[in-house]
Amino acid sequence: MPGFLVHIGASAICPHAGQVTFITSNTRVLVSGQPVVTVTDVFTIAGCPFQIPIGTGTKPQPCVTGRWLTPSTRILVNGQPAILQASAGLCQSAEQIPQGPPTVITTQIRAGGL
């Protein structure tokens, strides 16, 4: 699964076009001057419009957080596998219901790996 390293300045969306914000505890390894995201990091999501049908109405069920499932197999950041643009993740609602994978749209294009 080759790809570029994801950093906190990368842009991503949830399956319903909510905006993903990366949060990392890594402060030492930088690409393009910004910390690299690792498998232990979570991400928050804002602006997800997803709703589920209930009876005759709907119930808001937006994506609010997420976690990474498949990190890099070869790149470690502070002992943790790094996240690549092609890494799989899972967005979740406030009730921890799986909502689907995030999509990393843009990231730096200088450092990558497997």
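The values are calculated or read from the model by the stated rules, or taken from the named source; none is laboratory data. Being a predicted model, the structure only gives us computed values, none of them experimental. Reconstructed Cβ throughout: ideal geometry from the backbone, glycine too, with neighbour counts over all protein chains shown.
Quick look at the values:
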| read-out | value |
| --- | --- |
| Candidate set: segment 83-114, residues that are of a type in the set (S, T, N, Q) and in a strand (DSSP E or B); chosen: the one nearest to S32 (Cα to Cα) | T106 |
| Residue under evaluation V42, criteria (1) at pLDDT 95 or above; (2) closer than 18 Å to G100 by Cα, criterion not met | (1) |
| Hits in segment 35-59 - residues which are of a type outside the set (A, V, I, L, M), surrounded by 15 or more Cβ atoms within 10 Å (Cβ to Cβ) and not in a loop (DSSP other than H, G, I, E, B) | P35, T38, F43 |
| Members of segment 79-100 found to be of a type outside the set (D, E) and loosely packed, with under 15 Cβ neighbours inside 10 Å, listed by number | G79, A88, A94, Q96, I97, P98 |
| Residue under evaluation T27, criteria (1) surrounded by 17 or more Cβ atoms within 10 Å (Cβ to Cβ); (2) modelled with pLDDT under 95; (3) not charged (D, E, K, R), criterion not met | (1) |
| Flag for T106 being β-branched (V, I, T), in contact (Cβ under 8 Å) with a residue 40 or more places away in the chain and surrounded by fewer than 15 Cβ atoms within 10 Å (Cβ to Cβ) | yes |
| Complete set of residues in segment 57-111 that are of a type in the set (D, E, K, R) and within 14 Å of the chain's Cα centre (by Cα) | R67 |
| Residues located in segment 26-73, provided they are at positive phi and polar (S, T, N, Q) | S32 |
